[in-house]
1. Using a 1.4 Å probe on the protein heavy atoms, what percent of the accessible area of the chain belongs to carbon and sulfur?
2. With all distinct Cα pairs included, what does the Kirkwood hydrodynamic radius of segment 38-83 come out to in Å, to one decimal, could you say?
3. For P(r) over Cα pairs in 10 Å bins from 0, in percent, one of (1) 13, 40, 28, 16, 3; (2) 13, 49, 36, 3; (3) 16, 50, 26, 7 was computed from the structure I shared and the rest are decoys. Which label?
4. Sum up the lysine pairs in segment 4-88 that clear both bars: alpha-carbon distance under 16 Å and a spacing of 8 or more or different chains.
5. Based on the mean of other Cβ atoms within 10 Å per residue, sort peptides 84-93, 38-47 so the most packed one is first.
6. Put W59, W25 in order of accessible area, largest first, 1.4 Å probe: what do you get?
7. Taking only protein heavy atoms and a 1.4 Å probe, what accessible area per residue, in Å², does segment 4-88 have with all protein chains in place?
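The values are calculated or read from the model by the stated rules, or taken from the named source; none is laboratory data. Note that the coordinates shown come from a computational prediction; the quantities given were computed from them, not determined experimentally. Don't worry about glycine lacking a Cβ; one is built from the backbone with ideal geometry, like all the others, and counts go over all protein chains shown. When the accessible area is computed, the model is the full protein with side chains, heavy atoms only, and any ligands, DNA or RNA have been set aside. Shrake-Rupley method; radii C 1.70, N 1.55, O 1.52, S 1.80 Å.
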Amino acid sequence: VGEQALLKCSFKSSSPITESLQVDWTYRPLTGGPMETVFHFQSVPHPTTAGRFKDRISWVGNVAKGDASIAIQSPELSDNGTFICSVKNPPDV
């Protein structure tokens, strides 16, 4: 709580990294409920513009190095839950 939390995500692809590569981070609270997209990356970072993580997620990854990590500023206990990183690099998924 209070310190930046780093959510690491690494990937490997058999296809060359291009601007078609997409990274999506989704979140589901511990209490359950629907998954919500909290971050999207395609060529440039697109943090969420609504919801509990608005203005708190930053891109710290480097897709050229197989890194799709993000950081959460000022995490709270209520942020606890499941975070899923999904990387698509067409035609490789």
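1. Result for the chain: 53 percent of the exposed heavy-atom area is carbon or sulfur.
2. Value: 11.4 Å, from the Cα pair sum.
3. (3)
4. Close lysine pairs found across segment 4-88: 4.
5. 38-47, 84-93
6. W59, W25
7. It amounts to 59 Å² per residue over segment 4-88.
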